[in-house]
Amino acid sequence: MREKRCSYCGKKFVPDRRVGDRQKACSVACQKLRKGENNRLYRGKNSGYWKTHYEDYVKPWRKQHPDYQRQWRQRRKVLKNASPSEIQAEKLRKAIELTGRTQFYLREIQAEIIVKPSFRASLMFQAL
């Protein structure tokens, strides 16, 4: 594969063979610049998108879930001071809570987390 010049910093680089000639940036930093530029262009061309998105989706959802933000902040406070095993236990508790909607999510979390017996018991009685 031949060398290319980065569109953002100007350095020469060898593109990833899976991407080939489509690769425009040489590094993660340049990729972030590229993404920012693309986002600015999109927002310029579609300036009304976010306004209608907020009005059509976010506002009705927030009306249906008025306490969500307050509860989210409380959970964040608790998790900020928690140990890694408590955070894992909280993830498992959330996964169990969501089983009605997504069985796959539960299987994925359970595969990642090995919960100690003492935490299993606390899951049943833990309230936020």
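Laboratory data are not the source of any read-out in this text; all were calculated from the coordinates shown. Note that the coordinates shown come from a computational prediction; the quantities given were computed from them, not determined experimentally. Note that we place each Cβ from the backbone using ideal geometry, even for glycine, and neighbour counts take in every protein chain shown.
Between Ala29 and Lys59, what length in nm is gained on full extension when 0.36 nm per residue of separation is reduced by their alpha carbon distance? Write out the running numbers ahead of the final one.
Values: separation 30, 0.36 × 30 = 10.80 nm, distance 3.47 nm.
Taking Ala29 through Lys59 to full extension adds about 7.3 nm, to one decimal.
Say each of Thr52 and Ser83 gets a label point 7 Å from the Cα, pointing the same way as Cα to Cβ; how far apart are those two points in nm?
Once both label points are built, they end up 5.2 nm from each other.
Please go through the residue pairs Lys11/Lys35; Lys4/Lys35; Lys32/Lys91; Lys12/Lys35; Lys12/Lys32 and name each one whose alpha carbons sit more than 24 Å apart in this structure.
Violating the 24 Å Cα-Cα cut-off are Lys32/Lys91.
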